[in-house]
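This report refers to the structure that appears directly beneath it.
The values are calculated or read from the model by the stated rules, or taken from the named source; none is laboratory data. Worth saying up front: this structure is predicted, and the values here are computed from it rather than measured. When we count neighbours, we look across all protein chains shown, and the Cβ atoms used for this are built from the backbone with ideal geometry, even at glycine. Note: areas computed on protein heavy atoms with side chains; ligands, DNA, RNA excluded. Shrake-Rupley method; radii C 1.70, N 1.55, O 1.52, S 1.80 Å.
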Amino acid sequence: MEEKIYCSHCGAIIEDDDYSTVNGQIVCSECIERYCCVCDRCGATVWDSDAYGDEYTNLCQHCYDNYYTRCQTCEALMHIDDAYHYGDGDYCSECYHDIINENSSIKEYSYKPEPIFYGDNSRYFGVELEIDVAGKDCEYADELLEIANEDKQHIYIKSDGSLNDGMEIVTHPMTLDYHKNYCWEEIMKKAVSLGYRSHQTSTCGLHIHVNKTSLGETNEEQEDVISRILYFVEHHWNELLKFSRRSEATMNRWAARYGYENTPKAIMDKAKKGSYGRYTAVNLCNYHTVEFRLFRGTLKFNTLIATLQLVNEICNVAVSLSDDQLQKLSWSEFLSDIDDTELIQYLKERNLYINERINTEEEM
């Protein structure tokens with residue numbers, strides 16, 4: 001009589017060789033299906049209770065111990081060839097780069113912390129100032145951050161692939177008055193002393209973000225105001241080109257026009273229907289902000305403040321005037337209500353203020 005074979009797990013009689021072995025024990029196919037899994041690396045059958053891995057990968061202990069590891073931060077499973085080693089731990093790509101960003105003076109381009117708002121007003125300005133020539137240097141970045149963040153986290157510094165050998169200074173949102181009283185002058189003087197330049201390069205820009213909530217309470221109100229901003233920029237393109245210190249060719253590359261139309265709504269419709277991307281004079285791709293990208297970089301304090309004041313004045317007229325009123329607004333009428341000292345000084349330097357010429361300081 002042929003000897004019967006029993007399942008070591010459930011005790012059932014096994015017929016027709018319908019079994020497998022698990023850790024040297026005979027197990028029927030039904031128990032295999034219900035209580036076991038197959039190692040995705042070596043193909044060994046193991047009990048579910050003895051398996052390692054995650055919801056996507058089953059591993060026996062040998063394969064797990066020798067070929068896999070877990071991220072020390074998020075515990076994600078990964079092959080040892082895919083792990084990033086930092087200090088005494090293994091990390092997945094995302095957690096590793098978070099740690100590097102956190103510990104480095106110069107963050108990656110994609111770095112975007114939770115914004116901290118400074119000042120008391122409804123309108124906030126975020127500045128992105130590119131500086132070049134003196135290097136993507138963490139020690140230099142530390143010196144700038146020591147001045148800028150002496151008491152609070154006002155700025156962070158990022159790498160930027162559009163620069164030859166530099167980095168980008170990015171502020172948290174600040175009101176116009178806060179920017180005016182902030183230590184911008186000291187930051188700029190330090191950057192110049194370290195060998196950085198901004199205006200005196202072919203690579204650097206000055207980008208200014210304005211929060212959309214300062215332009216209207218509803219999405220519809222905000223869109224109407226933004227359409228008037230677009231119209232103002234197109235209608236006064238020649239003056240703004242001169243203000244920007246950019247060439248037409250550079251503007252076309254980094255801050256292109258949408259193109260003139262007869263009404264604000266028509267320009268907005270063109271902007272919404274076209275595939276313009278973010279390299280436009282007024283970038284509308286950001287969810288929370290409108291970004292003014294027209295301006296060439298600068299390490300001159302008065303120029304920075306004047307640029308912020310100009311953007312603020314453009315927003316003011318877009319908010320306060322109707323479409324019809326804005327369409328009739330001349331450049332000289334626009335200037336007639338300006339009383340910002342820094343902006344008037346800069347407009348005179350650029351020969352944009354009642355054709356009055358004055359002596360100017362060198363742009364950096």
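Of the candidates 265, 270, the single residue that is of a type in the set (Lys, Arg), touching a residue at least 24 places away in the same chain (Cβ under 8 Å) and either surrounded by 15 or more Cβ atoms within 10 Å (Cβ to Cβ) or in contact with a strand residue (DSSP E or B) (Cβ under 9 Å, 6 or more places away or on another chain) (or both) is 265.
Just wondering, is there one or more residues in region 95-106 that are modelled with pLDDT of 90 or more and under 27 Å from residue 161 (Cβ atoms)? Yes, some residue in region 95-106 is modelled with pLDDT of 90 or more and under 27 Å from residue 161 (Cβ atoms). Step by step: first the residues of region 109-120, then only those that are in contact with a helix residue (DSSP H, G or I) (Cβ under 9 Å, 6 or more places away or on another chain) and surrounded by 14 or more Cβ atoms within 10 Å (Cβ to Cβ), then the one that is nearest to residue 167 (Cα to Cα). Which residue is that? The extreme case among them is 111.
The set of residues from region 304-357 being acidic (Asp, Glu), over 34 Å from the mean Cα position of the chain (by Cα) and assigned to a helix (DSSP H, G or I) comprises 324, 333. Restricting attention to region 10-52, the residues being closer than 25 Å to residue 64 by Cα and open to solvent by 70 Å² or more (accessible area, probe 1.4 Å) number 15.
Taken over region 148-192, the residue count meeting the criterion of being open to solvent by 10 Å² or more (accessible area, probe 1.4 Å) and over 13 Å from residue 127 (Cα atoms) is 20. Residues that are over 29 Å from residue 200 (Cβ atoms), open to solvent by 20 Å² or more (accessible area, probe 1.4 Å) and touching a residue at least 12 places away in the same chain (Cβ under 8 Å) within region 219-258 comprise 223, 224, 228, 235, 258, listed in sequence order. Can we say residue 144 is touching a Leu at 6+ places or on another chain (Cβ under 7 Å) and modelled with pLDDT of 95 or more? The answer is no for residue 144. Determine, yes or no, whether residue 246 is farther than 19 Å from residue 315 by Cβ, under 26 Å from the mean Cα position of the chain (by Cα) and in a loop (DSSP other than H, G, I, E, B). The answer is yes for residue 246. Contact annotation: residue pairs with Cβ atoms under 9 Å, 6 or more positions apart or on different chains, pairing a residue in region 171-190 that is of a type in the set (S, T, N, Q) with a partner that is assigned to a helix (DSSP H, G or I), are 171/148; 171/179. At least 3 residues being touching a residue at least 60 places away in the same chain (Cβ under 8 Å) and not polar (S, T, N, Q) is the threshold, and among the strands (runs of 3 or more DSSP E) wholly inside region 1-86 not one reaches it.
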